[in-house]
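Asks: First, the structure itself, so that you have it in front of you.
We did not get these values from a lab; they are worked out from the coordinates using the rules stated. Every value quoted in this text rests on a predicted model; they were computed, and no experiment measured them. Cβ placement follows ideal geometry from the backbone for every residue including glycine, while neighbour counts extend to all protein chains displayed.
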């Protein structure tokens, strides 16, 4: 069970956010046909949120964004060859997938859900819930320092199959309060076997 004291806040500097913006623009060109995203969400923002969450997770697990950049570089190379971007692995050699959302209404984070599309769920994969703290001006599209909360994580087998009345109908989910604390997520436990 996760409590507020278990959350990990990662500050992303403006330069890091600028890199995320550039990658999101590139990815928006390739991913728009592959994602099940609600039409009201711009593909750029969808990609930006994911990249910011991956940068935060990479910083937490490896001390910087290099691992996430390598994964994104490999994803673009895969896209050019007609392959899946990252095969569901957000960091190289690690069986982890970061799911990022915005906290637009400043909800209590423990009330949010980690949502994963059914076709992306893998029982042994670790899924992390990252929440972008809403900028004071509400403009995620502006390059500025941002903060991401790593709320908690679970394995795919722990997600509950449920119908969510929002745009993620059928998403597997787990309430944030039921996630494992980030302090229990260790690189050695999520390393891909073929890379061990």
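Asks: If I model a spin label at residue 25 and residue 133 as a point 7 Å from the Cα along the Cα→Cβ vector, what separation in nanometres do I get?
Replies: 2.7
Asks: Based on other C-beta atoms within 10 Å, arrange 13, 120, 113, 21 from fewest to most. Don't jump to the answer; show the numbers that get you there.
Replies: On the way: 13 11, 120 15, 113 23, 21 19.
Lowest to highest Cβ neighbour count: 13, 120, 21, 113.
Asks: For 124, 58, 5, what ranking results if the residue with the fewest other Cβ atoms within 10 Å of its Cβ goes first?
Replies: Working: 124 11, 58 25, 5 6.
Ascending Cβ contact count within 10 Å gives the list 5, 124, 58.
Asks: At R0 = 25 Å, how high is the FRET efficiency between residue 122 and residue 62 if r is their beta carbon distance? Nearest 0.05 is fine.
Replies: Numbers: r = 21 Å, r/R0 = 0.86.
Once the sixth-power term is evaluated, E becomes 0.70.
Asks: How far apart, in nm, are two points set 7 Å out from the Cα along the Cα-to-Cβ line at residue 157 and at residue 83?
Replies: In this crude label model, residue 157 to residue 83 measures out at 2.8 nm.
Asks: Still on this structure, please answer the following. Arrange 55, 44 by Cβ neighbour counts within 10 Å, fewest through most, would you? Mind dumping the intermediate values first?
Replies: Numbers: 55 29, 44 17.
By the 10 Å Cβ count, ascending, the order reads 44, 55.
Asks: At 0.36 nm per residue, and after removing the present C-alpha to C-alpha distance, how many nm does the segment from residue 187 to residue 11 gain when stretched out fully? Mind showing how you got there, number by number?
Replies: Working: separation 176, 0.36 × 176 = 63.36 nm, distance 2.09 nm.
In short, 61.3 nm is gained.
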